[in-house]
1. List, largest first, the extents of the alpha carbons of the stretch B:330-420 along their principal axes, each in whole Å.
2. Peptide B:93-103: average number of partner chain Cβ atoms within 10 Å per residue?
3. For the stretch A:141-215, run through the GluC sites (Glu not before Pro) and keep only the ones in DSSP coil with at most 12 other Cβ atoms within 10 Å of their Cβ.
4. Sorted from largest down, what three extents in whole angstroms do the Cα atoms of chain B have along their principal axes?
5. Please list, in chain and number order, the residues 5+ apart from residue B:82 or on another chain whose amide H is under 5 Å from its amide H, with Hs placed from the backbone.
6. Below 17 Å, Cα to Cα, which lysines can residue B:96 reach? Residues fewer than 8 away in the same chain don't count.
7. Among A:8, B:272, A:37, pick out the residue whose Cα is farthest towards the positive end of the charge dipole of the protein assembly as shown, where Lys and Arg carry +1 and Asp and Glu carry -1 on C-beta, about the Cα centre.
8. Could you size up the charge dipole of the stretch B:175-225 around its Cα centre, putting +1 on the beta carbon of Lys and Arg and -1 on that of Asp and Glu, and report it in debye to the nearest 20?
Amino acid sequence: MSLAPETYDELREIAGRYPQARSGLLPMLHLVQSVEGRVTPEGIEACASVLGLTAAEVSGVATFYTMYKRHPVGTHHVGVCTNTLCAVMGGDEIFACLREKLEVGNDETTADGKITLEHIECNAACDYAPVVMVNWEFFDNQTPESASQLVDDLREGREVVASRGAKITSWREAERVLAGFEDGLVDEGSAAGPASVVGLELARERGWAAPGDTRGSVEVPQQMPEAVEEADTSRAESETIAEEASDD
Amino acid sequence: MTDTLTPVLTANWADDRAWTLSAYAEQGGYDALDVALGMSPEEVQTTVKDSGLRGRGGAGFPTGVKWGFLPPPDPENPKPRYLVVNADESEPGTCKDIPLMMASPHTLVEGVIISSYAIRAERAFIYVRGEVLHVIRRLRAAVREAYEAGHLGTDIHGSGYDLELVVHAGAGAYICGEETALLDSLEGRRGQPRLRPPFPAVAGLYASPTVINNAESIASVPAIVKNGADWFAGMGTEKSAGFGIFSLSGHVKKPGQYEAPLGITLRELIDLAGGVREGHELKFWTPGGSSTPLFTDEHLDVPLDFEGVQAAGSMLGTRALQIFDDSVCVVRAVLRWTEFYKHESCGKCTPCREGTWWLVQVLERLEKGDGEPGDLDLLLDQCDNILGRSFCALGDGATSPITSSIKYFRDEYLAHLEHGGCPFDARKSTAWADPVVEPVETTPEEAVAHD
């Protein structure tokens with residue numbers, strides 16, 4: 001079955017964003033996945049015909065990148081980080097728990113077609129370890145119990161909201177966003193999770209700021225007078241030490 | 001004296017709807033763009049050069065100097081120039097650019113516009129890894145808002161300067177963080193590194209002059225332009241100027257992002273983070289991601305700037321400080337990183353493609369207790385055949401955790417042979433093994449309750 005004419009239009013639209021059309025190939029393959037549920041031979045042919053490439057050239061690209069799947073992906077993609085830090089913090093246990101619970105191996109889909117489970121590499125959220133991704137949305141500070149509940153909720157179709165992100169749609173809808181089509185969910189979720197602002201909050205408490213920045217110190221006196229006093233004292237002490245050192 | 005922490009890039013992350021243009025503009029966002037457009041491109045370049053800003057993606061090359069490598073415009077053969085932002089943050093342990101782009105994508109977008117103006121590029125790309133859906137939403141919306149407000153497009157702020165910016169999502173390949181592999185990927189090819197020379201400054205994207213900078217480097221540019229080169233150079237150390245985001249993860253009480261002048265020490269940072277997990281001690285850590293040689297508790301007072309870390313035998317890298325306490329088996333940790341390099345090796349060169357497979361095999365049998373003492377020398381020999389002989393830094397990076405861990409923890413490798421397997425209990429390292437840490441729940445609010 002070949003792709004619908006509308007999909008071809010969108011593939012051309014993606015290619016048209018770039019000075020050279022071939023640059024659109026990665027987002028085009030994301031679009032193919034959102035329409036087809038995987039990178040299909042028809043999808044490869046479509047990209048090839050839009051870009052004037054051979055199917056072999058497109059396949060060569062599609063097989064290089066881990067996010068492109070040649071077999072059908074479930075409604076949701078669940079990725080458990082098992083790179084060193086997350087693994088040590090419990091990612092290995094979470095992955096083992098989900099494998100057993102879902103009765104699948106790595107990169108396999110449950111019998112009901114709801115969940116594809118995969119162990120993934122570092123997803124740049126190490127301060128929230130162990131991390132699980134659902135359709136590439138962050139689920140922070142997971143445990144075997146929370147991850148187990150998460151996949152139950154996904155399978156039952158209950159509403160699931162990312163720790164830092166939007167409510168979960170589906171893997172295919174996520175792939176459409178990656179292809180460059182906005183889904184209107186940008187304003188969901190917070191700006192930052194607690195670990196992202198832990199240094200900022202500490203700086204505010206202690207009245208620390210970059211030179212010339214009064215922004216941080218404004219709120220401090222009402223909030224944490226003791227901390228400020230303490231910080232000032234310790235800073236004064238360290239400055240004294242520094243001065244003494246430079247006198248030498 | 002500069003304060004211990006200096007939030008600049010992180011300063012607005014706790015603001016209400018910080019990702020929107022209105023919230024960013026309220027904090028003086030896009031003022032720096034006007035300052036820059038009031039200067040000549042050369043003056044902006046000079047400001048960035050004089051600030052001493054060095055690449056925040058790991059290598060630490062001076063950003064302004066890199067810009068200066070672009071050949072002068074040739075009227076005979078006018079080729080477009082490109083700015084490409086490397087937002088493919090994938091080095092294990094590195095987690096600074098992703099929260100930056102999630103919370104304040106406009107900081108990066110403003111940096112892209114100013115930097116493109118400085119190098120006279122009329123097209124720019126943000127290459128962001130594909131596995132971060134919400135970050136990509138935020139970036140795209142920020143770019144759309146910037147176009148609507150006239151910060152992007154034609155005749156920006158009435159200056160006559162034009163710029164087009166595309167957000168490009170990758171598809172899962174660590175190697176695309178290597179700048180020439182990134183360019184191949186952005187051209188719609190397999191992401192494999194290119195032979196240099198020619199360097200990207202001469203023949204980069206579409207064989208045109210191209211500057212590639214890390215997202216944090218570019219995001220630092222608006223503050224430098226607004227506050228001046230001296231302001232930036234006044235922070236940090238003599239050769240490692242300014243501030244950077246330090247990402248603490250693992251066995252500390254308060255993991256997270258700490259923005260500080262370069263030169264802060266891990267001792268200070270761990271102190272700010274509430275100390276190492278209760279009842280445990282620091283065992284080993286990475287100063288800048290898994291590709292930088294491991295440090296131990298001997299290195300707590302090493303100044304975390306480019307020179308200080310190098311002098312102590314490692315690299316500042318991306319300031320990805322992964323903290324492992326005494327419950328963690330170093331062999332298990334190193335094996336897992338090595339499996340990562342094996343998985344991510346692009347296959348272009350033999351030392352890395354074959355070498356990483358051999359490394360995994362030897363490490364696996366050592367971890368299981370099936371190896372022999374000579375395996376340690378075998379590993380070092382294999383590393384010697386990869387380091388400096390592979391096509392790009394991925395192969396070199398793969399050897400770092402192995403050689404450094406054998407240097408500091410040889411006995412622990414041997415203990416696996418004596419013990420007939422791993423002498424550690426992996427369950428004791430988990431986030432929930434610590435009796436002080438509250439068990440976490442599934443809701444976002446509760447998921448971080450152990451803070």
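We did not get these values from a lab; they are worked out from the coordinates using the rules stated. Remember, it's a predicted structure, so these values are computed and weren't measured experimentally. Cβ coordinates were reconstructed from backbone atoms using ideal geometry, including for glycine residues, and neighbour counts include every protein chain displayed.
1. Cα spread of the stretch B:330-420 along its principal axes, largest to smallest: 39, 20, 18 Å.
2. Numbers: counts 8, 3, 12, 4, 1, 6, 11, 2, 0, 9, 8.
Taking the mean over all residues of the peptide, I get 6.
3. On the way: sites: A:145, A:156, A:159, A:173, A:175, A:182, A:188, A:201, A:205; in loops: A:159, A:182, A:188.
Answer by residue number: A:159.
4. 73, 48, 41
5. Those lying under 5 Å, H to H, from residue B:82 are B:210, B:211.
6. Qualifying lysines at Cα under 17 Å: B:254.
7. My answer, from the dipole projection, is A:8.
8. Dipole size: approximately 160 debye.
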